[in-house]
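Taken together, the values in this text are just the output of simple stated rules run on the coordinates, not laboratory data. Everything quoted here is computed from the prediction, not taken from an experiment. In this analysis, Cβ positions are derived from the backbone assuming ideal geometry, glycine residues included, and neighbour counts consider all displayed protein chains.
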Amino acid sequence: MKDEMTPLADAVADFRKSTPRGPLAAALERVANETPEDAAAALAAADAEALRQAAHERATFRRRRYEETRPKAYTFACYQNLLPQQDPDGRGSRWLDSGHKNALIVGPSGHGKTHLAYAIGNDAVARGMWVEAWTVSELLQALAPLPTHARFDEVRSRRQEATWDAVKECELLILDDLGAEAGSGYVADRNTEQLTEILTARDTNPACRTIITLNGDRTDHLTDDPRGPNSKSRQKKVTEVKAAAANRIAERYGARVATRLQNDMVGIWVEGACFRQAATWNPFS
């Protein structure tokens, strides 16, 4: 018996002589004759394939998550289905390609703001982007501190952490119906802090883009100047109404939220025919 260990190549040669050649013998021979460079290249190739597979699975999960949480009414939302009032001057349908960081979609309730937002979101998902879409109320509820009995619930804690990470890091975040969330006092302050934290993280990441929808007052009821609907006086009133809608963000949430949304923003005003039934009716007539 030899005092020293037999080199691997010698052991493989002995094994090959005593055993019919098969997969095991071939594998051993390959390993025995492999140089450090060959081994490193093989490991790198295996790692690259594993990373590609992980990226594919991650992208598939994110797309499925978006599709499962997206309201069914917006499953087929697309640019081709938009009315002119929802896409003034193509500001909505061209936004994704424009490279602008933020979009603020404002207008009266029921006029297609959310439909436009999801048309953009569906387009982004089709391009392979990571998209998260929430109503502001639902997001803030999901991020609210867990009740006492659930603070040690590992599943709920991990789900909340995953939500925090997703809305801070996703390539496109849709925040629908800003300002409709309930809350006063401590709750309102907490909501503002959470929104500030999310928007700050996104503002400092050049890969993150955000769409906000916000209700605004109508402008088509404004009194026209005798000189016509395009008179300077009417246009001034329209501008004031639109500016007031955007400025309500600062009034409610403070300058920290407003200034982060103002960074490289496109404003899209949606107004025209209302898609919903009238808010008042008489069922007894």
- prompt: Which listed residue (G107, A124, T69) has the Cα farthest towards the positive end of the charge dipole for the stretch 68-131, taking +1 on Lys and Arg C-beta and -1 on Asp and Glu C-beta about the Cα centre?
  reply: T69
query: Based on the mean of other beta carbon atoms within 10 Å per residue, what is the order of 263-272, 49-58, 82-91, 101-110, most packed first?
result: 101-110, 263-272, 82-91, 49-58
- prompt: With a ≥ b ≥ c the root eigenvalues of the C-alpha gyration tensor of the stretch 86-188, is it rounded (a/c under 1.5), prolate (a/b larger than b/c) or oblate?
  reply: oblate
query: Is there a pair in K72/K101; K72/K168; K168/K236 whose C-alpha atoms are over 29 Å apart, and which pairs would that be?
result: K168/K236
query: Under a straight-distance cross-link criterion of Cα-Cα below 14 Å, which aspartates and glutamates are reachable from K113, leaving out those fewer than 8 residues away in the same chain?
result: D87, D176, D177, D217, E271
query: Taking the Cα centre of the stretch 74-126 as the origin, how large is its charge dipole in debye, to the nearest 20, when only Lys and Arg (+1) and Asp and Glu (-1) carry charge on their Cβ atoms?
result: 120
